[in-house]
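Mind looking over this structure? Questions follow.
Please treat every number below as a calculation from the coordinates, not as lab data. Nothing here was measured: the structure is a model prediction, and the numbers come from that model. Virtual Cβ from ideal backbone geometry, glycine too; neighbours counted across all protein chains shown.
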């Protein structure tokens, strides 16, 4: 795929937050490879604001995951793909759903993903970490420049949150259907009680009970659950002194934004495939996750917070 001077490019990334954050690097590489192109992102509604704040896209379409029974939504997606005038598509979702979208395109549109004109032809792709897998996919499509993604656009007015000058972040939530991905909330509370800085608890509205449980033990902890957008979460990460969290989207955001981040893994997900990445990111794993002691997590966090070269 030689880079044209201009043209229409479509990038597909539907969800989730962790996957979206781990696509920041590929987004930046695609923009660098196509500096004069109009680049459209096909995604889902939760990621519109984040994508529109970023420097990588000229347009954002959120109809990327229609209910197949909603014929109107399916028609709108088909119309975008058929008549959007795209010269090439980078499918960074590479799911069975997104791979079907190739068949809705006109003949001759270049496709990077599973199948198509420039497939990611590595039978071991599913054994690769997300970042390495996406980079290799793009390399096979002709991209060879992978600039570090600028993240200074992760900015928001945090004045109403009452954050102190220095603070840490706790991410006690994770998928509600996979409780094995959650370090016990009482352990987060005990950890917070022994830290040298106040902590802010982040997550969605559904994590409010977890924040309440931590604040019952540590009243000075700040409950930010449901109070930040995804871009605002990135702004919090850029100010925080450290973060400790489960394998979940906000932890990925903390790490990617450069916050020293300790990610806690159990046996339900493999850090070799999906660990948060960032300039100062570390992983601690328990089998099961609940077997990790507060002392172990505290020691790993203390080591992470040591100045470089100390």
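Distance from the Cα centre of segment 43-105 to that of segment 260-276, in angstrom?
The two parts, judged by their Cα centres, are 29 Å apart.
If each residue's Cβ is checked for other Cβ atoms within 10 Å, how do 207, 186 rank with the fewest at the top?
Placing the least packed residue first, the sequence is 186, 207.
While we're here: What full-extension length gain, to one decimal in nm, is calculated for residue 175 and residue 59 as 0.36 nm per residue of separation minus the Cα-Cα distance?
38.8 nm
Provide 20, 230, 167 in ascending order of the number of other Cβ atoms located within 10 Å of each residue's Cβ, fewest first.
Ascending Cβ contact count within 10 Å gives the list 167, 230, 20.
Nearest 500 deg cm²/dmol is fine: what mean residue ellipticity at 222 nm does the chain get from its DSSP H runs of n ≥ 4 alone, each adding -39,500 (n - 2.57), divided by its residue count?
On the way: 12 runs with 104 residues, N = 310.
So the helix-based figure for the chain works out to -9500 deg cm²/dmol.
If you stretched the chain out fully between residue 186 and residue 208, how much longer would it get, using 0.36 nm times the residue separation minus the C-alpha to C-alpha distance?
6.5 nm
I would also like to ask the following. What residue among 237, 121, 256 shows peak mean-square fluctuation when the chain is described by a Gaussian network model with Cα springs under 10 Å?
121
Distance in nm between label sites at residue 273 and residue 217, each 7 Å beyond Cα in the beta-carbon direction?
3.1 nm
Separate question: Given R₀ = 35 Å, FRET efficiency for residue 229-residue 306 by Cβ-Cβ distance, to 0.05?
0.65
Show me 83-94, 102-113 ranked by packing, highest mean number of other Cβ atoms within 10 Å first.
Values: 83-94: 21.2, 102-113: 15.7.
Result, highest mean Cβ count within 10 Å first: 83-94, 102-113.
Related question: For 205, 181, what's the fewest-to-most ordering of other Cβ within 10 Å of each Cβ?
205, 181
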